[in-house]
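Right, one structure below, let's go through it.
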Amino acid sequence: MRRAESKEDAARPGTGAGSDTDPLRPGTDVVVVGGGLAGLTAAVVVARAGRSVTVLESRNRLGGRARSDRRGRFLFNQGAHALYLGGAGHRILVELGVEPAGGPPVADARVLIDGNIRRLPTGPGRLLASGILGLRDKAELARVMRSLPRLDPSRWAGCTAGEWLDRHVSGERGRSLLEALVRLGTYVNAPDLLSAEAALTQLRLAMTGGVTYVRGGWGSLIDALVRTGGAGVTVRTGTPVGTMPDAPAVILAPGSPDAAARLLGTDFDTGPTAFASCLDLGVTRAPGHGFVLGLDRPEYLSDHTVVADPPLVGENQVAVMRYLSPEEKPDPADTRAGLDEMVARVGISPTDIVEEMWRPRMRAVSAFPTAAVGGFAGRPPVAHTDRPGVFLAGDWVGPVGFLADASIASGYRAGRAAVEHLEHRALTR
């Protein structure tokens, strides 16, 4: 994969391919705006079809929310990340020659409830033995768990996650547990807005295929896509795009619907953005519990040591999060105090912390699918019908998947659509 020598060499986009002020190589077939998972997936698909493609990334680094940052011996993602092994994203990455390595979360998961850390009832046996649930809660949760593998989430696209829970769970504790699992799988703390299709899709994937924490961080997936793209892709980092690039086909994957709308001069009917407060720690002591999910508060803690590359010796990585509601803008000091309290509950003291990365309000989902827009099918399609040859990609685009699954699936579809557009264009000239 070719890279631009410098930001100055990249120059200004949108002035005509091959001009002195244009970062595009003469004869570029496809321009991709955005060098995150969606944009790079699209670029690889285009390159594998034998077409030339240039990726324009505004930052000085590729990756978007799939970047990984090294702090000393530790490797931190942009908040806690997990790849669903049964999802569209993993399947497409493998098809493109990217084989993610990693490991699962710890098996002995816990919940924080009523100020106490208790065992998380994750399976039928633990569910029956759970001391945090009453008989009605246990019976209702057992029915939900049995039904998930056979359930069609798309049937519930127009129903909110909260409405689905109203129909299937009446016990307070059981509902709190399922709401926490929905937050865990979606990063969304808005059950009265989120489409039940998204919530059930993530719950189903977690139960049937599980997740992996990617070794080398999510930045390793970005690096692997760059290698897979080979010489057919030119990458220009440090290149903000202010106007629509001039190319036979353009794929817009700039990271958010607002950024795409600015280039197109149009608006998209999408759901709200989901935010989270994210604290990543490098510590000298293993947490007393490697996975804790908050039921009292929308918080989460997990040991992400498997992410480290090279492996850590005598040290651990811990990811801690608070899931924010769409309009919530808490005092960062208060949020940090709550997360520090959870860290202390698993036996980690301030003197154990050697590195940290703190993001008080990080965008976790560009625009989550709501029941009001009809779930996944209500998201903007990859093919932007008003502009032939212009395609969209991102976690807010297309009818397939959620989070990284949506980014990768829409990038894959956008890449194929761009190639088909070029072929049709050649035939009709």
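Derivation of every value follows stated rules applied to the coordinates shown; laboratory data play no part. Everything quoted here is computed from the prediction, not taken from an experiment. Quick reminder, even Gly has a Cβ in these numbers, built from the backbone with ideal geometry, and neighbours come from all protein chains shown.
Of note:
- Amide H contacts of R215 (H built 1.01 Å from N, under 5 Å, at least 5 apart or other chain): A101, G102, G103
- Note on V313 and R136: their simple-model spin labels are 5.6 nm apart, each label 7 Å out from Cα toward Cβ.
- When shorter helices are ignored and each DSSP H run of at least 4 residues is given -39500 (n - 2.57), the per-residue value for the chain at 222 nm works out to -9500 deg cm²/dmol.
- For the stretch 242-288: rounded, prolate or oblate by the Cα gyration tensor [a/c cutoff 1.5]: prolate
- Largest mean-square fluctuation among R183, R359, R379, in a Gaussian network model of the chain whose springs join Cα atoms under 10 Å apart, belongs to R359.
- Amide H contacts for E355 (H built 1.01 Å from N in the peptide plane; partners 5 or more residues away or on another chain; cut-off under 5 Å): G282.
- Each Lys and Arg contributes +1 and each Asp and Glu -1, all at the Cβ; summed about the Cα centre of the stretch 120-207, the dipole is approximately 380 debye.
- Basic side chains Lys and Arg get +1 at the Cβ, acidic Asp and Glu get -1 at the Cβ, and with that the dipole of the chain about its Cα centre reaches some 780 debye.
- The stretch 190-292 shape via C-alpha gyration tensor axes, a/c threshold 1.5: oblate
- C-alpha center-to-center spacing [the stretch 205-231, the stretch 328-392] in angstrom: 19
- Gaussian network model of the chain, springs between alpha carbon atoms under 10 Å - residue of N189, N60, N316 with greatest fluctuation: N60
- Comparing G35, G64, G103 in a Gaussian network model of the chain, where Cα atoms under 10 Å apart are tied by springs, the biggest mean-square fluctuation is seen for G103.
- Farthest toward the positive end of the dipole of the stretch 346-407, out of L392, A364, I348, is the Cα of L392, where the dipole comes from beta carbon charges about the Cα centre.
- Under 5 Å between amide hydrogens, built in the peptide plane, is the criterion, and for G63 it picks out G35, G36 among residues at least 5 positions away or on other chains.
- Ranked by how many other Cβ atoms sit within 10 Å of their own Cβ, fewest first, the residues I353, I348 fall in the order I353, I348.
- In order along the stretch 264-273, the phi-based Karplus estimate (6.51 cos²θ - 1.76 cosθ + 1.60, θ = phi - 60°) of 3J(HN,Hα) comes to 8, x, 9, 10, 10, 8, 10, x, x, 7 Hz; Gly and Pro are listed as x.
- Dipole magnitude for the stretch 272-429: about 800 debye, using +1 per Lys or Arg Cβ and -1 per Asp or Glu Cβ, origin at the Cα centre.
- Taking θ as phi - 60° and the Karplus parameters 6.51, -1.76 and 1.60, the scalar couplings of the stretch 337-350 work out to 4, x, 5, 4, 5, 5, 4, 5, 5, 9, x, 9, 9, x Hz in sequence order, x denoting glycine and proline.
- Residue-wise HN-Hα couplings along the stretch 83-91, as the Karplus relation 6.51 cos²θ - 1.76 cosθ + 1.60 with θ = phi - 60° gives them from phi, are 9, 7, 6, x, x, 4, x, 4, 4 Hz; Gly and Pro carry x.
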